[in-house]
Amino acid sequence: MSKSGKSKLDYNGFIILKDNGLVCLTDMWRAAGAIKTQKVDYWLKPESNCLLLLQILLESKPDLKPEIERVLATKPQSAFRNQEYRNWTNQVKQIAVDAGLIKITKGKIGGTYAIDKIAIAYAQFLSPEFHAWALTAIKERIEEEADPELGITRSRQRAIRAWERQGKSTNYISARLDSIPREDYYESALYQHGVTTPKEFAWCKTKVYEPIIGHPNSFRANRGLKKGQNLKDGMNIEELSTTDFAKVLSTKRINTLNPDNARSCASISYSAAQQIANLLNQ
């Protein structure tokens, strides 16, 4: 999915999306407890936060200085939340949107996204603990985007530590690490053939797993996995190897048949995995 410009941050098991360098503030709000009075719109109500946003705008877009000075000059004398003041705060927010520092998307997976500086400022509004996490996590991600090799190394180290905490063996961890390039190979083919959303990627992966491990809900229940947890966390080494092979075969067929939508990719994946499952059961 990296080709789509999307990546993820993890806060105590809550996934926070990054889309083309912008952090999802809505995901941050959910991860911090989804308190109504901490929504992004509430954060922009105090005058101090609006002024902070204008300062970040000026630092990021110096060419906007005349417009920012004009907005500052029209700031209501009182921060009392009357209609005049609300109009002014909306104007501040719109400048940030127009400048590309904030992006608002609609739909089921929509939300408010913002540049790193704004995300860190919003994290401080959420809680001291969340702010401390954001200072480290977002700073590290900026460094990793500038040096992709550093990102790969850190990601590998984080994964190994997580599997060790789960009590996984050295052989299992090696198998999981070996599966990463095969999964990237499979995801790349999916992306090139019409799979674009996280939901569609998850659907295709479910279909490539199902003939081998059974229905995901039953598998999670039998292996003690939490809802939404990576299915591979519950697989043994044989299952990991088999599903890896299914992804490689699925990729080959997807590239050969050249579908252009998630439904076709999912169907091809299921068929390839079913063939492998049949061979194993003979």
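The values are calculated or read from the model by the stated rules, or taken from the named source; none is laboratory data. The structure presented is a predicted model; accordingly, all values stated were derived computationally and were not measured. When we count neighbours, we look across all protein chains shown, and the Cβ atoms used for this are built from the backbone with ideal geometry, even at glycine. Quick note on the areas: whole protein, heavy atoms, side chains included, nothing else; ligands and nucleic acids left out. Shrake-Rupley method; radii C 1.70, N 1.55, O 1.52, S 1.80 Å.
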Would you mind stating whether Q55 is open to solvent by 60 Å² or more (accessible area, probe 1.4 Å) and either part of a loop (DSSP other than H, G, I, E, B) or aliphatic (A, V, I, L, M) (or both)? no
Out of (1) over 19 Å from A246 (Cβ atoms); (2) free of Cβ contacts under 8 Å to residues at least 60 places away in the same chain, the odd one out for G194 is which? (2)
Please determine, by comparing only the residues of the range 260-276 that are over 16 Å from A202 (Cβ atoms) and out of contact with any Ser or Thr (no Cβ under 8 Å at 6 or more places or on another chain), which one is surrounded by the fewest Cβ atoms within 10 Å (Cβ to Cβ). D260
Does L177 meet the test of being more than 21 Å from A272 (Cβ to Cβ) and not in a helix (DSSP H, G or I)? no
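Conditions tested, residue by residue: (1) within 30 Å of K226 (Cα to Cα); (2) part of a helix (DSSP H, G or I); (3) of a type outside the set (K, R); (4) open to solvent by less than 70 Å² (accessible area, probe 1.4 Å).
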| site | (1), (2), (3), (4) |
| --- | --- |
| M28 | yes, yes, yes, yes |
| A34 | yes, no, yes, yes |
| D63 | no, yes, yes, no |
| I68 | no, yes, yes, yes |
| P76 | no, no, yes, yes |
| R86 | no, yes, no, no |
| N90 | no, yes, yes, no |
State all residues of the range 189-211 that are in a helix (DSSP H, G or I) and either open to solvent by less than 30 Å² (accessible area, probe 1.4 Å) or farther than 18 Å from N261 by Cα (or both); if no residue qualifies, say none. A189, L190, F201, C204, V208, Y209, E210, P211
Picking from I173, I142, the residue that is of a type in the set (A, V, I, L, M, F, W, C) and at pLDDT 90 or above would be I173
Which one is surrounded by the most Cβ atoms within 10 Å (Cβ to Cβ), of the residues in the range 93-126 that are β-branched (V, I, T) and within 14 Å of L54 (Cα to Cα)? I118
Evaluate the range 66-82: report whether one residue or more is more than 32 Å from the chain's Cα centre (by Cα) and among the acidic types (D, E). yes
Only unsatisfied item for E129, checking (1) surrounded by 13 or more Cβ atoms within 10 Å (Cβ to Cβ); (2) modelled with pLDDT of 90 or more; (3) under 19 Å from V23 (Cβ atoms), is (1)
List the number of the failed condition for K227; all other conditions in (1) assigned to a helix (DSSP H, G or I); (2) open to solvent by 40 Å² or more (accessible area, probe 1.4 Å) hold. (1)
